[in-house]
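Input: a single structure, listed below in structure tokens.
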Amino acid sequence: MKAILVLTDFSSEANYVAEFAIRLAITIQSNLTFCHVLELDDQQNDERHTSDRYKTGYKDVFDLSDQLESFKKIANAHKGNSEFMPAIDCIVEFGSFAEAAAKIVAQQSIDFVIIGSRKSHSVTKFQFGSQTYTLPDKFKCPVLLIPQGSTFEGLKTILYASDLPVNNKKALLFLAELAKPFQATVKVGHIAKKSQPVRVSQTISSDSLNHQLGRYYAKLVYQTLKDDDLGAGLQRMIGKEKINILALAHRKYHFREGVFHSSVSKLMSGAEIPLLILPNSFISEEPGMVRGQVEN
């Protein structure tokens, strides 16, 4: 992973997101672009294209040098013994939030996007609602939502909640790459209805996942939990141990999507766990990992 985009408003209230992103970037050796998107109405967009104060670019309108220095100080403070220091850039873009961010993702080959989830943030309308889950598909990369007040404590366990059956190989390869620098465990959690018979043991399922990933990453386990309430099942799974990131994939046109995502949304609305949403392109309906192990 080489590039992270952090969507922010550069306010002091957003510093927790900046510190989280910087400390994560140091460990996974990724460069950072911090961006504030100014969403303009049609009249403002017309003025932007005609006014001289916009024609010279954002650096003549916004002085972000102090903010950049502040982020570099945070990086230096948390660099420790690491030989890697992330390159950091601060920019402002105008226009639609999703379109502006998607443009940067494409131009800079961004690996994933980080967004803060505080109530006063300008992108609140995207959080924990139907639009939240479409952002990764618009950006064509994963989106990591950081709850207000979260502090970076490294990664020990990533829980990937999946309403199987799907081919999760691309999703799991991404999670394994994220977890590897921390020697963290990737846990694949499947919440199954109590009436669903489990055909294969959790041990065999874990071995199957690790075998299909090859020797790339070994700390991957599979767990099935029986519960007719998806939200309650996830809460039980999370409550058993310290989870640093809850990951899920956005699935298009799936009849359980509304139930699955609404359950996760309710769970996350009061939680302090970062939520990583993977785009639909990271999974497929083709036979693959752990497919056919539970009855649907």
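The values are calculated or read from the model by the stated rules, or taken from the named source; none is laboratory data. None of these values were measured; they are calculated from a predicted model. We place every Cβ from the backbone using ideal geometry, glycine too, and count neighbours over all the protein chains shown. Protein only, heavy atoms only, side chains kept; ligands, DNA and RNA dropped before computing areas. Shrake-Rupley method; radii C 1.70, N 1.55, O 1.52, S 1.80 Å.
A compact table of results
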item: Pair list, Cβ under 6 Å, 6 or more apart: segment 76-103 residue in contact (Cβ under 8 Å) with a residue 40 or more places away in the chain, other residue hydroxyl-bearing (S, T, Y) and open to solvent by 30 Å² or more (accessible area, probe 1.4 Å); result: V92/Y58
item: Segment 134-146: number of residues that are more than 11 Å from the chain's Cα centre (by Cα) and either open to solvent by 10 Å² or more (accessible area, probe 1.4 Å) or under 14 Å from A21 (Cβ atoms) (or both); result: 4
item: T185 being in contact with a helix residue (DSSP H, G or I) (Cβ under 8 Å, 6 or more places away or on another chain), more than 23 Å from T134 (Cβ to Cβ), at pLDDT 80 or above and open to solvent by 20 Å² or more (accessible area, probe 1.4 Å); result: yes
item: Selection status of F152, modelled with pLDDT of 65 or more, of a type in the set (F, W, Y), open to solvent by less than 70 Å² (accessible area, probe 1.4 Å) and part of a loop (DSSP other than H, G, I, E, B); result: yes
